[in-house]
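Presented below is the structure to which this report refers.
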Amino acid sequence: MPDYQKNQSHNGFPPRRIQFGLITAVGGFLVLMVGAKPELFLLDRSPVLGFIQVSVMLVGLALMCIGGYVGLTGLWKGERPSIAAEIGKRVISTGYIIAVFAGLADIFGLSHPYPEFIPYFGDWQARGVQIAEGFIAIGILMMLPYSRNPLFRSRQSQDPKQPE
């Protein structure tokens with residue numbers, strides 16, 4: 001078997017890339033859960049979400065974004081992605097940047113002008129992170145290879161031998 005075909009299965013998908021993407025995304029979800037709900041893993045030390053927990057949540061979200069990106073690029077089978085997929089990549093990264101700034105708003109001093117307040121992950125920051133996760137989900141949906149699915153092809157592109 002030639003070297004360039006070792007990383008592809010019989011149907012053209014790169015299984016190692018897709019497996020790496022899935023494992024990274026699931027690992028990122030577990031890290032996100034450790035940051036969001038540490039009591040599930042018996043790691044709770046504080047009744048509020050502090051800086052370390054928010055940072056761990058954002059690292060988990062970053063791993064989920066990277067895993068989703070790597071896994072979905074494997075679904076394109078080495079072909080050039082569509083314009084929607086290219087825009088989807090940027091929407092994912094924009095969503096992550098929104099999540100970072102919304103989650104760490106107290107640390108950056110965006111929520112209150114007084115430095116003596118303890119950083120706190122409040123309702124508005126949670127809403128900002130949820131909106132950012134919505135952007136990430138939309139970007140991931142945009143990266144799916146719809147153009148190769150027979151349901152999304154026109155009749156002319158399905159049967160090229162048909163006379164016009």
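Look through region 60-96, keep the residues that are in a helix (DSSP H, G or I) and free of Cβ contacts under 8 Å to residues at least 12 places away in the same chain, and return whichever of them is surrounded by the most Cβ atoms within 10 Å (Cβ to Cβ).
Step one: filter region 60-96 for residues in a helix (DSSP H, G or I), giving 60-74, 83-96.
When the remaining residues are screened for being free of Cβ contacts under 8 Å to residues at least 12 places away in the same chain, the result is 83, 86.
Values: 83: 8, 86: 13.
Top of the filtered list is 86.
Among the residues of region 31-49, which ones are exposed (fewer than 15 other Cβ atoms within 10 Å of the Cβ) and in contact (Cβ under 8 Å) with a residue 24 or more places away in the chain? It would help to see each step written out before you state the result.
Going residue by residue through region 31-49, those that are exposed (fewer than 15 other Cβ atoms within 10 Å of the Cβ) are 37, 39-48.
Within region 31-49, 48 is the sole residue that qualifies.
Assigned to a helix (DSSP H, G or I), under 16 Å from the mean Cα position of the chain (by Cα) and buried (at least 18 other Cβ atoms within 10 Å of the Cβ), is that true of residue 27? Spell out how you get there, then give the answer.
Numbers: assigned to a helix (DSSP H, G or I): yes; under 16 Å from the mean Cα position of the chain (by Cα): yes; buried (at least 18 other Cβ atoms within 10 Å of the Cβ): no.
No.
Which numbered condition trips up residue 106, out of (1) farther than 20 Å from residue 18 by Cα; (2) at pLDDT 90 or above; (3) surrounded by 18 or more Cβ atoms within 10 Å (Cβ to Cβ)?
Residue 106 satisfies all of (1) farther than 20 Å from residue 18 by Cα; (2) at pLDDT 90 or above; (3) surrounded by 18 or more Cβ atoms within 10 Å (Cβ to Cβ) except (2).
Please pick out the residue among 152, 121 that is of a type in the set (Phe, Trp, Tyr), surrounded by 15 or more Cβ atoms within 10 Å (Cβ to Cβ) and either modelled with pLDDT under 85 or under 30 Å from residue 21 (Cα atoms) (or both). Write out each step before concluding.
Working: 152 fails: surrounded by 15 or more Cβ atoms within 10 Å (Cβ to Cβ).
Checking each option against the conditions leaves just 121.
The values are calculated or read from the model by the stated rules, or taken from the named source; none is laboratory data. The structure presented is a predicted model; accordingly, all values stated were derived computationally and were not measured. Don't worry about glycine lacking a Cβ; one is built from the backbone with ideal geometry, like all the others, and counts go over all protein chains shown.
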